[in-house]
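Inspection log for the structure reproduced underneath, given as C-alpha cells.
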Amino acid sequence: MTRSPSLTARPASVAPGAPRALEAERRLAETLDAAVGAMSALLDLRDVGTGLHSTSVVGLCEHVAHRMGVAGDEVGHLRVAAHLHDLGKIGVPDEILRKPGPLDDAEWAIMREHPGWGAGALGSIPGLKPAARAVRGHHERWDGAGYPDGLAGETIPVSARVIAVCDAYEAMTSTRPYRPALPAAEARERLVAGAGTQFDPAAVWGLLDALAC
C-alpha cells in the first residue's frame, strides 16, 4: 500500500532552517520599509516642500530606470534613495534652506554637505548601503564637476544618475523661495543642454521619453 505524503513533511530540497530564514528576511524587509517611511515623515515635518518634492521624484525615477534597463534589487534601492535623497537637508539651517535669494559661498559650502549627511545616516542601516551610495552621488555630474566626490561618467552609481536628472526636472518645474516654476518645455530644453556635461545622456533621454507618454 502506498503511503500518502504528509502535508507537514519537509521536501528533501528544503534546508531545515529555510522557513526560519525566509521569515527573518521578510521581517527585515518590513523593518527597512518602516525605517524609510519614518524618515520620509521626518522630511515632511522638516520641510513640507522637500517631502512632496521627493515623492514626485520617486515616480519619475521609476519610469526612467525602466527605460535604462535597471532591474532587480537595484530598483528597490533606487526607490529608497529617491524617497530620501534630500534626507541630509535636515541638517541645513532654515535660513539657508528657505533663503529667498541666491546662496553665498559659505552657505553653498554648507548646502553641499547634505548628500554626505544623508548617505551617512542611510549607510548606518543594514541593507541600505546601496541606497546610501545613490544618495551620496545624486549631485555628482557626468563631467566630474559635481560634489561631494567629483565622480564622473559611469563611476557615478546609475541610481544616482537617474535621481540627478529627475531631481533637476522636478526642481525646475516647482516654485521655490528664490524663483517661480519654469515651464515644462523650458525645463526639458535645459536637461537636453546639460546632457553629456551635467547629466548622463541616457538618463536625460529616458526622462524625456517618460514625459512624452
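Table for the structure above
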quantity: Ala203 being touching a helix residue (DSSP H, G or I) at 6+ places or on another chain (Cβ under 8 Å) and without any contact (Cβ under 8 Å) to a residue 40 or more places away in the chain; calculated: no
quantity: Segment 53-108: number of residues that are within 14 Å of the chain's Cα centre (by Cα), open to solvent by 70 Å² or more (accessible area, probe 1.4 Å) and within 21 Å of Leu211 (Cα to Cα); calculated: 4
quantity: Residue within segment 95-117 that is more than 20 Å from Ser174 (Cα to Cα), in a loop (DSSP other than H, G, I, E, B) and aliphatic (A, V, I, L, M) present; calculated: no
quantity: Those residues of segment 98-115 which are among the charged types (D, E, K, R) and within 19 Å of Leu87 (Cβ to Cβ), in sequence order; calculated: Arg98, Arg112, Glu113
quantity: Failed item in (1) under 30 Å from Arg27 (Cα atoms); (2) crowded, with 19+ Cβ neighbours inside 10 Å, with Glu170 passing the rest; calculated: (1)
quantity: Qualifying residues in segment 67-90 (those that are assigned to a helix (DSSP H, G or I) and in contact (Cβ under 8 Å) with a residue 60 or more places away in the chain) - the one farthest from Pro130 (Cα to Cα); calculated: Arg67
quantity: Among the residues listed as Gly144, Gly153, Gly194, the single one being open to solvent by 20 Å² or more (accessible area, probe 1.4 Å) and farther than 30 Å from Ala24 by Cβ; calculated: Gly144
quantity: Qualifying positions in segment 173-191 - open to solvent by less than 50 Å² (accessible area, probe 1.4 Å) and among the polar types (S, T, N, Q); calculated: Thr173, Ser174
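The values are calculated or read from the model by the stated rules, or taken from the named source; none is laboratory data. Just so we're clear, the structure is a prediction, and the values are computed from it rather than from any experiment. We place every Cβ from the backbone using ideal geometry, glycine too, and count neighbours over all the protein chains shown. Side chains included, ligands, DNA and RNA excluded: accessible areas come from the protein's heavy atoms. Shrake-Rupley method; radii C 1.70, N 1.55, O 1.52, S 1.80 Å.
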